[in-house]
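The values are calculated or read from the model by the stated rules, or taken from the named source; none is laboratory data. Keep in mind it's a predicted model, so treat the numbers as computed, not measured. Because the Cβ atoms are built from the backbone with ideal geometry, glycine has one as well, and the counts that use them run over all protein chains shown.
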Amino acid sequence: MNRRFYSTALLLALLVGFFACEEGETPIQNSFDRGEMLENMAENLIIPAYTDLQTRVGALESSAESFTQNPDMNSLQSLQAAWEAAYSSWQYANAYNFGPAGEEGIRRSLLEEVGTFPVSEEKIENAITGTANFNDFNRDARGFLAVEYLIFETGNSNATVVEAFASQNRKDFLLGAVADIERRVTEVLSAWNSGYASEFIQNRGTDVGSSTSMLYNEFVKSFESAKNFKLGLPLGRRPGQTQAEPQLVEARYSGTSAAMLKEHLQAIERIWQGRGGQGQNGPGFWEYLQSVEGGAALIEATEAQMTAVKAALEALPDSPPLSEQIQLAPEPADRLHTELQKQTRFYKSDMSSLLGISITFSSGDGD
């Protein structure tokens with residue numbers, strides 16, 4: 001829906017409600033259609049994100065098969081490009097860890113199962129020489145970042161990577177790790193396409209367990225993941241840290257940490273706006289806030305801070321790798337982290353208060 005039209009329609013509805021009230025009566029409260037927002041999220045953001053991810057992971061699997069059949073520099077470069085495309089796509093799906101992507105039994109969220117970082121090099125190497133198990137508790141030995149460890153060398157020595165894949169065990173582990181990602185992503189997408197989308201749209205309340213509550217909480221958690229773990233952790237800004245730990249960046253081996261962080265924050269903005277990857281513009285949290293008292297002011301403050309975040313983000317170069325930037329010239333990363341900290345109150349406490357949606361998780365850092 002056109003945002004200007006939506007705002008005009010909302011204003012007219014409020015005016016009609018106001019003048020329809022008799023003196024002494026409580027004004028009619030505007031009723032935001034959460035079902036419309038949830039439908040937009042499901043059809044234009046969530047399902048397309050998982051669909052693209054499945055396609056990219058399928059291409060990654062094909063590239064892994066080609067590489068293991070003929071490990072050389074060309075097939076490795078193709079595999080690396082397929083990994084970067086798939087992991088970039090993942091940035092747009094990693095905020096939807098509820099429903100089919102949520103926790104069930106010993107299975108953790110999809111984010112934890114395929115997106116845990118930093119990985120344990122020791123666990124991965126032990127699994128290669130022993131027996132690989134992609135369903136155990138060693139989530140730091142599987143997923144996208146385990147695959148990254150296998151196919152990239154921090155010194156950009158592709159020859160070293162190709163040489164290591166003379167080992168059949170290493171080939172088998174790579175194929176198993178990619179197949180595990182593909183299986184998990186396919187299961188989630190299949191569930192969304194087989195009835196969960198309808199269930200999600202119909203669950204229109206704001207109580208804990210409602211679709212709006214789950215979407216909002218995962219939106220905030222995803223933002224905090226970018227702020228706290230993709231940036232704060234390697235900068236040494238997390239509780240208990242006494243110095244920077246640049247080796248803890250996301251995507252350290254490929255050197256794509258900054259680029260992936262930028263994709264992640266763009267995905268967060270799309271949820272805020274209700275905007276799909278192809279430009280579809282339906283109701284999101286922006287429109288939801290327009291319907292409540294104080295919402296317009298919060299939107300203005302939020303977007304002003306978003307502008308500051310974008311400026312800091314643009315000042316963060318994609319190269320050299322973020323791990324090197326933190327060691328040699330951390331000022332741009334520090335500035336971005338500061339601006340993200342300022343953004344937290346708008347997404348978290350202020351939105352939660354105005355929309356009446358409880359925060360159901362603890363970030364553990366006092367914001």
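Of (1) outside any helix (DSSP H, G or I); (2) buried (at least 18 other Cβ atoms within 10 Å of the Cβ); (3) out of contact with any helix residue (DSSP H, G or I) (no Cβ under 7 Å at 6 or more places or on another chain), Pro239 satisfies all except one. Which?
Going through the list (1) outside any helix (DSSP H, G or I); (2) buried (at least 18 other Cβ atoms within 10 Å of the Cβ); (3) out of contact with any helix residue (DSSP H, G or I) (no Cβ under 7 Å at 6 or more places or on another chain), Pro239 breaks only (2).
Please find, within segment 1-35, the residue that is farthest from Ala85 (Cα to Cα) out of those that are modelled with pLDDT of 95 or more and surrounded by fewer than 17 Cβ atoms within 10 Å (Cβ to Cβ). Steps first, please.
The first filter runs over segment 1-35 and keeps only residues modelled with pLDDT of 95 or more, leaving 33-35.
This time we only want the ones that are surrounded by fewer than 17 Cβ atoms within 10 Å (Cβ to Cβ), so: 33, 35.
Details: Asp33: 35, Gly35: 32 Å.
It comes out as Asp33.
What single numbered condition from (1) on the phi > 0 side of the Ramachandran plot; (2) over 19 Å from the mean Cα position of the chain (by Cα); (3) surrounded by 19 or more Cβ atoms within 10 Å (Cβ to Cβ) fails to hold for Phe152?
(1)
So, in segment 252-273, exactly how many residues are touching a Lys or Arg at 6+ places or on another chain (Cβ under 9 Å) and in contact (Cβ under 8 Å) with a residue 24 or more places away in the chain?
Total satisfying the criteria: 6.
Do you know which residues across segment 238-278 are of a type in the set (Ser, Thr, Tyr) and more than 21 Å from Phe144 (Cβ to Cβ)?
Let us first name the residues in segment 238-278 that are of a type in the set (Ser, Thr, Tyr), namely 242, 253-254, 256-257.
Thr242, the sole residue that qualifies.
Would you check if there is a residue in segment 328-343 being out of contact with any Asp or Glu (no Cβ under 6 Å at 6 or more places or on another chain), touching a residue at least 40 places away in the same chain (Cβ under 8 Å), farther than 18 Å from Ser225 by Cα and not in a helix (DSSP H, G or I)? Break it down stepwise before answering.
Initially, segment 328-343 is screened for residues out of contact with any Asp or Glu (no Cβ under 6 Å at 6 or more places or on another chain), giving 328-343.
Adding the requirement that they be touching a residue at least 40 places away in the same chain (Cβ under 8 Å) leaves 330, 333-334, 336-337, 340-341, 343.
Filter again for farther than 18 Å from Ser225 by Cα, leaving 330.
From what's left, not in a helix (DSSP H, G or I): 330.
Checked segment 328-343: at least one residue is out of contact with any Asp or Glu (no Cβ under 6 Å at 6 or more places or on another chain), touching a residue at least 40 places away in the same chain (Cβ under 8 Å), farther than 18 Å from Ser225 by Cα and not in a helix (DSSP H, G or I).
When you go through (1) buried (at least 16 other Cβ atoms within 10 Å of the Cβ); (2) assigned to a helix (DSSP H, G or I) one by one for Ser194, which number turns out not to apply?
Condition (1) is where Ser194 drops out.
Just name the residue that is surrounded by the fewest Cβ atoms within 10 Å (Cβ to Cβ) out of those in segment 103-135 that are within 30 Å of Val208 (Cα to Cα) and more than 14 Å from the chain's Cα centre (by Cα).
My answer is Gly105.
Asp318 - would you say it is charged (D, E, K, R), out of contact with any His (no Cβ under 8 Å at 6 or more places or on another chain), surrounded by 14 or more Cβ atoms within 10 Å (Cβ to Cβ) and at pLDDT below 95?
Yes; evaluated as a whole, the condition is true for this residue.
For segment 246-274, give me each residue that is crowded, with 22+ Cβ neighbours inside 10 Å, polar (S, T, N, Q) and either assigned to a helix (DSSP H, G or I) or at pLDDT below 95 (or both).
Residue satisfying the conditions is Ser257 alone.
Working only within segment 344-367, note down all residues that are out of contact with any Asp or Glu (no Cβ under 9 Å at 6 or more places or on another chain), among the small types (Gly, Ala, Ser) and either part of a helix (DSSP H, G or I) or buried (at least 16 other Cβ atoms within 10 Å of the Cβ) (or both).
Ser352, Ser353, listed by residue number.
Determine whether Thr206 is surrounded by 13 or more Cβ atoms within 10 Å (Cβ to Cβ) and not in a helix (DSSP H, G or I).
Against the criterion (surrounded by 13 or more Cβ atoms within 10 Å (Cβ to Cβ) and not in a helix (DSSP H, G or I)), Thr206 qualifies.
What's the number of the condition Ala312 fails, among (1) more than 29 Å from Ala81 (Cβ to Cβ); (2) more than 17 Å from the chain's Cα centre (by Cα); (3) at pLDDT 95 or above?
(1)
Matching residues to (1) at pLDDT 95 or above; (2) under 22 Å from Phe165 (Cβ atoms):
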residue	(1), (2)
Pro71	yes, yes
Ala86	yes, yes
Pro100	yes, no
Arg107	no, no
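Given the options Glu224, Glu218, Glu182, Glu163, name the one that is within 23 Å of the chain's Cα centre (by Cα) and either closer than 21 Å to Pro283 by Cα or surrounded by fewer than 13 Cβ atoms within 10 Å (Cβ to Cβ) (or both).
Values: Glu224 fails: either closer than 21 Å to Pro283 by Cα or surrounded by fewer than 13 Cβ atoms within 10 Å (Cβ to Cβ) (or both); Glu182 fails: either closer than 21 Å to Pro283 by Cα or surrounded by fewer than 13 Cβ atoms within 10 Å (Cβ to Cβ) (or both); Glu163 fails: within 23 Å of the chain's Cα centre (by Cα).
Only one candidate qualifies: Glu218.
Which numbered condition in (1) part of a helix (DSSP H, G or I); (2) in contact with a Lys or Arg (Cβ under 6 Å, 6 or more places away or on another chain); (3) more than 18 Å from Leu145 (Cβ to Cβ) is the only one that Ala177 fails?
(3)
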